[in-house]
Amino acid sequence: MNAIQIALQRHAHPEKARILQRFFKTGKGQYGEGDVFIGVMVPETRAVAKKFMDAGFREVEALLDSKVHEHRLCGLLILVLQYQKKPSRDIVDFYLKHFYAVNNWDLVDLTAHKILGAWLLQRDRSLLFRLARSKNLWGRRAAIVATFEFIRNHDFKDSIRLAELFLNEKHDLMHKAVGWMLREVGKRDEKQLRKFLDRNAARMPRTMVRYAIERLHDKKKYLVIKNTSR
């Protein structure tokens, strides 16, 4: 164990670990199959990451290569902190090279927009469309979640384009992620969200619709469209 793993181990809790194993679907055939938890909560992991935010890539790589979920999360949070302190192509490349470690939805959601999204905000975004066509569930989720950074800067076009690409997506975790990003668009520009829903609600998976319309006052309108399209 390196110093960062030892620091995380001090916060380990067996009962919390059992709860997390169930919550993140680590059973046979589930999306998180084989993932190992030691029972460290996210605020505690963040505190450790902040303490070791100046760790070198070799130390971070040891965390990302670990079978322990909280080790990988801490390594990724260190990368986020380093990127926020000093944006660097080296950090982005390291993140992409070690993307095999980003293998559950929380790892995607806490990092993709803060590293990939932030880097691509003023750059060519073809990478996201390559990820969107990946067979890797987490790569596809990273593609849409990365656009959260664009949305926060009132740039919606690629969120909308990717959402349209994912209309036939089969996985529930993608339905939730796409619906979430559409809802974020709607918080800033309800007209854009309604245009998307008017075009696509009948074809959208039900979970995607439900997530997207959560803040609308006339949710029933779009649920009716969805229900009558069966």
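The values are calculated or read from the model by the stated rules, or taken from the named source; none is laboratory data. Everything quoted here is computed from the prediction, not taken from an experiment. No Cβ is skipped: glycine too gets one built from the backbone with ideal geometry, and neighbour counts run over all protein chains shown.
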* Have a look at 182, 128 and point out the one that is closer than 30 Å to residue 41 by Cβ, of a type in the set (A, V, I, L, M, F, W, C) and assigned by TED's automatic domain parsing to the domain that holds residue 218. => 182
* Criterion: exposed (fewer than 14 other Cβ atoms within 10 Å of the Cβ) and within 30 Å of residue 155 (Cβ to Cβ) - qualifying residue of 123, 22, 58 -> 123
* Which one of the conditions (1) within 18 Å of residue 111 (Cα to Cα); (2) in a helix (DSSP H, G or I) does residue 53 fail to meet, given that it meets all the rest? -> (2)
* **Candidates 203, 161, 141, filtered to the one that is over 27 Å from residue 29 (Cβ atoms) and part of a helix (DSSP H, G or I)** => 161
* Asked: Of the residues 145, 178, 224, which single one is of a type in the set (A, V, I, L, M, F, W, C), modelled with pLDDT under 95 and either buried (at least 22 other Cβ atoms within 10 Å of the Cβ) or out of contact with any helix residue (DSSP H, G or I) (no Cβ under 9 Å at 6 or more places or on another chain) (or both)?
  -> 224
* Of the numbered conditions (1) surrounded by fewer than 19 Cβ atoms within 10 Å (Cβ to Cβ); (2) in contact with an Asp or Glu (Cβ under 6 Å, 6 or more places away or on another chain); (3) not charged (D, E, K, R), residue 96 satisfies every one except a single condition; which is it? -> (2)
